[in-house]
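Computed from the coordinates by the stated procedures, all read-outs in this text should not be read as laboratory data. Values in this document were obtained by computation on a predicted structure and should not be read as measured data. Neighbour counts are summed over all protein chains in view; Cβ atoms, including those assigned to glycine, are modelled from backbone coordinates with ideal geometry.
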Amino acid sequence: MSSDIERRELFKIAAATAYAAKFGVAQEQQRFFTPQEFVVVDELAEIIIPADDHSPGARAAGAAAYIDARLAESREADKKALWRKGVQLVNQVSLQMHGKTFLETAPAQRAAVVERMAQNEEEPKSPEEMFFKELKRATVNAYYTSKIGIHQEMEYKGNVMLNQFVGTELP
């Protein structure tokens with residue numbers, strides 16, 4: 001029985017590694033998440049902030065790596081526990097909805113899992129809804145503090161000279 005569990009874990013890690021290689025996930029930087037958790041968080045972040053015609057998404061911005069690094073340096077045990085449990089909850093919701101773990105499902109099914117977790121975003125009640133709120137907050141923070149989020153999405157130009165006064169003129 002224990003060899004089956006070890007074999008299953010090995011297959012999960014191999015699948016996560018293959019996924020990471022296919023989508024260019026920077027797992028070499030991971031410090032808090034397991035390889036499989038990292039891939040799940042990376043996919044969740046990309047669903048929350050996907051690439052579009054205007055700018056790359058959360059994956060290209062390295063949101064999962066940023067979240068991973070912040071959790072690795074955090075001294076808040078409760079926050080770390082929330083993330084560990086949260087990734088497990090994502091898989092539980094996916095199993096309930098589709099009979100497969102999150103990474104085993106199709107992209108549309110993954111989006112449906114995220115939609116379900118986000119259904120009470122303003123007033124989360126269930127543990128998976130509370131995790132989604134934290135996940136979204138962390139993803140948005142990671143994205144909009146990245147070079148991609150600042151320069152490509154928000155088109156920040158830095159300090160530039162203005163040709164006219166923009167403030168309110170006095171009478």
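So, in nm, how far is label residue 69 from label residue 109 when the simple model puts each one 7 Å beyond its Cα toward the Cβ?
3.4
Expected output is a single nm value to one decimal: the length gained when fully extending between residue 31 and residue 134, i.e. 0.36 nm times separation in residues minus the C-alpha distance. What is it? Before the final figure, lay out the partial values.
Details: separation 103, 0.36 × 103 = 37.08 nm, distance 1.91 nm.
Length gained, residue 31 through residue 134: 35.2 nm.
So, R0 is 35 Å and r is the distance between the beta-carbons of residue 85 and residue 53; what FRET efficiency does that work out to, to 0.05? It would help to have the intermediate numbers written out before the result.
On the way: r = 36 Å, r/R0 = 1.03.
The pair residue 85/residue 53 has a calculated efficiency of 0.45.
If we count every other residue with Cβ under 11 angstrom of residue 93's Cβ, Lys/Arg +1 and Asp/Glu -1, where does the sum land? Intermediate values should be presented prior to the final figure.
Values: positive: 110, 116; negative: 115, 128, 129.
Local net charge: -1.
Treat the count of other C-beta atoms within 10 Å as a stand-in for reagent exposure and order 139, 145, 34, 105 from fewest to most. Could you put the intermediate results ahead of the total?
On the way: 139 23, 145 12, 34 15, 105 18.
The fewest-first ordering by Cβ neighbours comes to 145, 34, 105, 139.
Which order results if 97, 130 are arranged by neighbouring Cβ count within 10 Å, fewest first? Write out the running numbers ahead of the final one.
Values: 97 14, 130 17.
Ascending number of Cβ neighbours within 10 Å: 97, 130.
In what order do 94, 74 fall by count of nearby beta-carbon atoms within 10 Å, going from fewest to most?
Values: 94 23, 74 13.
Ranked by crowding around the Cβ, least crowded first: 74, 94.
Work out, step by step, the length gained on full extension between residue 97 and residue 77: first 0.36 nm times the residue separation, then minus their alpha carbon distance; give nm to one decimal.
Values: separation 20, 0.36 × 20 = 7.20 nm, distance 3.01 nm.
Full-extension gain reported as 4.2 nm.
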